[in-house]
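Beneath this line is the structure, given in structure tokens, with notes to follow.
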Amino acid sequence: MRATDLIRRELFLDCLVLLRKQRVDLNLLVDYNPTIFMRNISSNQKGSFVYQAAKSNPELLSLLITNLEDLDVTRTKYQNVHTIESDNFGEFGGNIGNALSLDSYG
């Protein structure tokens, strides 16, 4: 399955594993559709991406956080990837780190 298909289906943890395995820039997970990503990580419910990642693979979640850049990779490295909402990137860039805070996922 393609990473973009996993993102569209909101299977962010599966996508993160795939991106890491294929050595693709992890920022693609956020930049492909920032609205859906932010909505999913803002929830601390058991089905949310951050909750699942914090419980099953916190190192991978940490890797994502430390690799995030305030740069839309769909406009630089991966210009051929059709994004859904890359025009809204600036709106989310500074909020990702705050939203990924693990404090509420204990």
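Sub-8 Å Cβ pairs linking a first residue in the stretch 17-30 that is surrounded by fewer than 17 Cβ atoms within 10 Å (Cβ to Cβ) and in a helix (DSSP H, G or I) to a second residue that is modelled with pLDDT of 95 or more and among the basic types (K, R), at least 6 apart or interchain, number zero. Scanning the stretch 1-16 for residues that are free of Cβ contacts under 8 Å to residues at least 24 places away in the same chain and part of a loop (DSSP other than H, G, I, E, B) gives M1, R2, R9, L11. Evaluation of S56 against the conditions (1) within 19 Å of E10 (Cα to Cα); (2) more than 12 Å from the chain's Cα centre (by Cα); (3) at pLDDT 85 or above; (4) surrounded by 15 or more Cβ atoms within 10 Å (Cβ to Cβ) shows that the sole unmet condition is (4). List every residue pair whose Cβ atoms lie under 6 Å apart, where the two residues are 6 or more positions apart in sequence or sit on different chains, the first residue falls within the stretch 43-68 and is β-branched (V, I, T), and the second residue, located anywhere, is assigned to a loop (DSSP other than H, G, I, E, B) and surrounded by 17 or more Cβ atoms within 10 Å (Cβ to Cβ). Taking only residues 6 or more apart or on different chains, the pairs are I65/L100. Out of the stretch 31-52, which residues are part of a helix (DSSP H, G or I) and closer than 21 Å to D70 by Cβ? Across the stretch 31-52, the qualifying residues are D31, P34, T35, I36, F37, M38, R39, N40, I41, F49, V50. What about T66, is it under 18 Å from Y78 (Cα atoms) and β-branched (V, I, T)? Judged against the criteria, T66 is not a match. Would you point out the residue of the stretch 31-53, among those that are of a type in the set (G, A, S) and at pLDDT below 85, that is nearest to R20 (Cα to Cα)? Per the stated criteria, the residue is S48.
The values are calculated or read from the model by the stated rules, or taken from the named source; none is laboratory data. Since this is a predicted model, take the numbers as computed values, not measurements. Cβ: placed from backbone, ideal geometry, glycine included. Neighbour counts: every protein chain shown.
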